[in-house]
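Reading through the structure tokens given below for one structure.
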Amino acid sequence: MLSFAARLRPIWPVLAGLVSAALLAGAHAFQRLGGLQPCPLCLDQRNWHWGVLAAALAGLLTLRFAPGLARWVALGLGLVLLGSFAQAAYHVAVEQHWVVAQCDARAVNLNDLVFDVNAPLETPRCDEIAWSLFGISMAGYNALISLAAAVASFVVAAAPERKP
């Protein structure tokens, strides 16, 4: 298994980027196709995945010129994915009312603005679950997938060098 992880090390930035890209695509699909508007904590979770994509791109560029830094790139990606997990876990805690948090209205989607002065402008609440499957919310799935990807990234970073 560790030998397999060592083989993944050179392409790990691509794989980690694909995980975050898939989570972002799913979130945008739920918003655009499913009509579920994101709350401010949902948008914060997306920012972490954009960060993973940026770190993956930086990792690819690093490996292009310094392939010996593959362990460090995998470790860095694991840390960013761990941050994504922490943000999603916090959102789950807010949804489950384990933590009290105020949802602020800092996020306004300009495409969805209604130019009727009397129309209500509502931001979805962070402490309400908009969608769930098998009792797990979207934030919960984000937390689980982000944690799995972070652990995989740490395994890839820690795996011993394969023997030729």
The number of residues in region 21-40 that are touching a residue at least 24 places away in the same chain (Cβ under 8 Å), surrounded by fewer than 20 Cβ atoms within 10 Å (Cβ to Cβ) and within 15 Å of Ala149 (Cα to Cα) is 2
* To do: State whether the residues of region 113-135 include one that is among the aliphatic types (A, V, I, L, M), in a helix (DSSP H, G or I) and at pLDDT below 85.
  => no
Exactly one of Leu63, Leu8, Leu18, Leu43 is surrounded by 13 or more Cβ atoms within 10 Å (Cβ to Cβ), out of contact with any helix residue (DSSP H, G or I) (no Cβ under 8 Å at 6 or more places or on another chain), in a helix (DSSP H, G or I) and modelled with pLDDT under 85, and that residue is Leu43
Check: When you look at Trp72, is it within 12 Å of the chain's Cα centre (by Cα) and assigned to a helix (DSSP H, G or I), yes or no?
Finding: no
**Message:** Quick check on region 70-80. Is at least one of its residues crowded, with 16+ Cβ neighbours inside 10 Å and touching a Cys at 6+ places or on another chain (Cβ under 6 Å)?
**Reply:** no
Per the list (1) touching a residue at least 40 places away in the same chain (Cβ under 8 Å); (2) crowded, with 20+ Cβ neighbours inside 10 Å; (3) not small (Gly, Ala, Ser), residue check on Leu57 breaks on (2)
Going through (1) hydrophobic (A, V, I, L, M, F, W, C); (2) surrounded by fewer than 21 Cβ atoms within 10 Å (Cβ to Cβ); (3) modelled with pLDDT of 85 or more; (4) touching a Leu at 6+ places or on another chain (Cβ under 9 Å) one by one, Ala88 fails only at (2)
For region 21-40 the number of residues that are in a helix (DSSP H, G or I) and either modelled with pLDDT under 80 or over 14 Å from the mean Cα position of the chain (by Cα) (or both) is 5
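The values are calculated or read from the model by the stated rules, or taken from the named source; none is laboratory data. Remember, it's a predicted structure, so these values are computed and weren't measured experimentally. Cβ: placed from backbone, ideal geometry, glycine included. Neighbour counts: every protein chain shown.
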